[in-house]
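Here is the structure we will look at.
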Amino acid sequence: MVYKASLDKTAIIITAAITVLFAVIIGGQYSVIKNAGKAVPILTTLACLAIYLISYAFRPLGYAVTDQELVVRRPLSNVRLKRTEIRSAQRVDRDTTGGSIRTFGVGGLFGYYGHFANFALGRMTWYATRRDKAVLVTTKTNKKIVLTPDEPDSLVAALTA
C-alpha cells in the first residue's frame, strides 16, 4: 500500500521563501556583472543550487508498505527497512515530537528529514513532511524513525498487521 505525505503550511512557506531568497541571491549575482562589470561570485550561486537540489533530491515523497518492507519514497534513493526489523509502530502526538532539535538534516525545505533529537524520544531519524500526524517506527535495534503520512492510522495498521 502507498501512503501520501503532504507538506504542512510551515514547510510550504519555508520552501517558497527559500526558493525566492535563492532566486534573488542568484539573480543579484548576475546584476552585479551587468551594472558594475565585476566577476560573478560563482561559489555563492553553486552553493545555493547545491543546497536546493540536494534538499529536493532527498525529500520524502511518501511511504509504501509491502509484505517484506517499509519504503520511504524519495526522488534520488529510497530508504528501505525490512519489516522483520520493525519492533513497533505507533502514533505519536505533536507534544511528543515537539521540542525536537535538528542535529543534522533539513528543517522545512521540502519537509523535515535527517537526524533529530528530543528529551522524550532521544535520537531519531525523520522522513517527515509535516509536524503533525507522526508515526514512530522503532526497530529491534532501538532505532527510532518518524514518518508523517496523510493517513497515519492506516500506516500503523499496515505495519502492525
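Readers should treat all values here as calculations from the given coordinates under stated rules, not as data from a laboratory. For clarity, every value in this text was computed on a predicted model and none was experimentally measured. Cβ: placed from backbone, ideal geometry, glycine included. Neighbour counts: every protein chain shown.
Relative to the longest principal axis of the Cα atoms of the chain, the long axis of helix 9-36 lies at roughly 20 degrees. Each of T10, A161, N118 was placed along the dipole of the chain (beta-carbon charges, centred on the mean Cα), and the one lying farthest toward the positive end is N118.
Between I42 and L21, residue separation times 0.36 nm minus the direct Cα-Cα distance comes to 5.9 nm.
Pairing the Cα long axis of helix 42-57 with the longest principal axis of the chain, what angle in degrees results, from 0 to 90 and rounded to the nearest 10? Here the helix axis deviates by roughly 20 degrees.
Report the local net charge at R123: Lys and Arg +1, Asp and Glu -1, summed over other residues whose C-beta lies under 11 Å from its C-beta. Every neighbour counted, the sum reads +2.
Each residue, S77 and A50, gets one label point 7 Å from its Cα in the Cβ direction; the gap between the two is 1.8 nm.
The trypsin sites (Lys or Arg not before Pro) of segment 116-157 that DSSP puts in a loop, and whose beta carbon has at most 13 other beta carbons within 10 Å, are K140. Gain on full extension, evaluated as 0.36 nm per residue between A157 and A117 minus their Cα-Cα distance, stands at 11.8 nm. Applying 1/(1 + (r/R0)^6) with R0 = 25 Å to the Cβ-Cβ distance of A64 and T96 gives a FRET efficiency near 0.50.
Among the chymotrypsin sites (Phe, Trp or Tyr not before Pro) in segment 32-125, those located in a DSSP loop and surrounded by at most 16 other Cβ atoms within 10 Å of their own Cβ are F119.
Counting Lys and Arg as +1 and Asp and Glu as -1 over every other residue whose Cβ lies under 10 Å from the Cβ of G62, the net charge comes to +2. Its relative contact order, with pairs defined as Cα atoms under 8 Å and 6+ residues apart, puts the chain at 25 percent.
Taking S55, S100, S77 in turn, the Gaussian network model of the chain (Cα-Cα springs below 10 Å) assigns the largest fluctuation to S77. Taking the chain as the region of interest, the number of lysine pairs whose Cα atoms are within less than 29 Å, with members eight or more places apart or on different chains, is 14.
Using Kirkwood radius over Cα pairs in Å as the read-out, say which of (1) 17.0; (2) 21.1; (3) 16.4 was calculated from these coordinates. Only one option fits the structure, namely (1).
Extension gain, T138-S6: 0.36 nm per intervening residue step, less the Cα-Cα distance, totals 45.3 nm.
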